[in-house]
Amino acid sequence: MILRQSPVDPGFVQNPYPFYDQARALGGLPHWDAFGMVAAFDHATVHALLRDRRFGREIPAELARPVPAHLEPFYRVEQHSLLEAEPPRHTRLRSLVLRAFTSRRIAALGPEIATLAHDLIDGFPDAAPFDLLEAFCTQIPVIVIARLLGVPETMAPDLLRWSHDMVAMYQAGRSRAVEDRAAQAAGDFAEFLRNYVDARRARPADDLITQLIAAETDGARLSTDELITTCILLLNAGHEATVHALGNGVKALLEHRVSPDMLGPAQIDRTVEEILRYDPPLHLFTRYAYEPVEIAGITLERGDQVALMLGAANRDPAVWAHPDRFDPTRPIVTNASFGAGVHFCVGAPLARLEMAVALPILFARCPNLALAGPPVYADRYHFRGLERLMVTV
């Protein structure tokens, strides 16, 4: 079975879900020609593959190709990424990161996120339409990450630019210009952080960089390059996902005229999970097979890739009744938005907290919040987020 669907087709960009339904109905692992690999669209297969240790993110050594000279700065950073590693290297890196990025540290950010949300809302214009993505959804995650790392908030524009340019490497249809910007951003970002790491080694502070420097397990510590890449990953992955989750969430809440009590303390967790299920910020994640494996009647050889369709898995009618309906009253069932298994997103608790704190404040402070025009999704597949979110308050 071959799927012929361009990921940059305008209709698909605005609404990929009908294609997912058709692909899921085929069953098995159809081959998506645009990506040159088979793809899993149903919830059961996606979740099984996320946990199957016969698959992983790290490319088999014999398949690795020389890095083009113009992309060397980008892959110099990526080679130390937790996201692209497998055990035992992944185990060591993740253990060290979690010693600094603790659940207690994340939970303690709640009041600070609330204050930030109020401050941003205080700056909203009174009458004219404005872009809520720029004024609110983007600002919360980037400022929170900047504060966590201990870097000046005045660096937020640079952090955003570097993040966007690097993350663009994972979009469908990237060009040489995209690659050049990503390489430049990676080099600039790494140099900036290296200076901060050196400063924190000499003068520790109450920030995540200092905690990452001090983190130790079984006598092992993060190298400077690993620490720099970890900080970049926390910004790039955490910021990109949370911006889209907030934006997609506001869009869904407004379009479906959700009752305010769906954002109350007793209900907010369900609402956040429904936002993540209904329109997640990341739709596709890939894995390499590490040995010959038969899945759904298809034999994959070592080095073959498989696309895990997170957005499609989240709309599987075998798991959720009326999956195309936005319903915050649903009982919480684990969705695929943050992955699963050893690569479950370390930033998921922070993203959920930012949504659970910021969204109720936004709708309470702005009871007349309304769309000022049809929201348009950006052509950045396999990310799923809006170009802008024009609103009035």
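None of the figures in this text is laboratory data; all of them are computed from the coordinates on show. The structure presented is a predicted model; accordingly, all values stated were derived computationally and were not measured. Cβ placement follows ideal geometry from the backbone for every residue including glycine, while neighbour counts extend to all protein chains displayed.
Multiplying the residue separation of Asp158 and Ala61 by 0.36 nm and subtracting their alpha-carbon distance yields 31.5 nm.
In sequence order, segment 381-386 has phi-based couplings of 3, 9, 7, 10, x, 7 Hz under the Karplus curve 6.51 cos²θ - 1.76 cosθ + 1.60, θ = phi - 60°, and Gly or Pro positions carry x. Computed 3J(HN,Hα) for segment 33-40, one whole-Hz value per residue from the Karplus formula 6.51 cos²θ - 1.76 cosθ + 1.60 where θ = phi - 60°, is 5, 5, 9, x, 7, 6, 9, 9, glycine and proline marked x.
Per-residue extension of 0.36 nm, minus the Cα-Cα distance of Thr102 and Gln22, leaves a gain of 24.7 nm for this segment. With θ taken as phi - 60° and the Karplus curve 6.51 cos²θ - 1.76 cosθ + 1.60 applied, the whole-hertz 3J(HN,Hα) list for segment 229-244 is 5, 4, 5, 5, 5, 4, 6, 5, 6, x, 5, 4, 5, 6, 4, 5 Hz, x standing for glycine and proline.
Spacing of the modelled spin labels on Ile298 and Asn368, each 7 Å from Cα toward Cβ, amounts to 5.3 nm.
Amide H to amide H distances under 5 Å link Arg388 with Val376, where only residues 5 or more positions off or on other chains count and H is placed in the peptide plane. Dividing the alpha-carbon radius of gyration of the chain by the rule-of-thumb value 2.2 N^0.38 Å gives 0.97. Comparing Tyr377, Tyr20, Tyr170 in a Gaussian network model of the chain (Cα springs below 10 Å), the most mobile by mean-square fluctuation is Tyr170. Residue ranges 62-72, 159-169, 21-31 sort as 159-169, 21-31, 62-72 when ordered by packing (mean number of other C-beta atoms within 10 Å per residue, highest first). Counting Lys and Arg as +1 and Asp and Glu as -1 over every other residue whose Cβ lies under 12 Å from the Cβ of Gln79, the net charge comes to -4. Only helices enter the 222 nm calculation for the chain: every DSSP H run of n ≥ 4 contributes -39,500 (n - 2.57), and dividing by all residues gives -14500 deg cm²/dmol, rounded to 500. Projecting the Cα atoms of Ile106, Phe12, Ala128 onto the dipole axis of segment 2-392, where Lys and Arg carry +1 and Asp and Glu carry -1 at the beta carbon, places Ile106 farthest toward the positive end. Beta-bridge orientation, the chain: approximately 80 percent antiparallel, per DSSP, counting only bridges with both partners inside.
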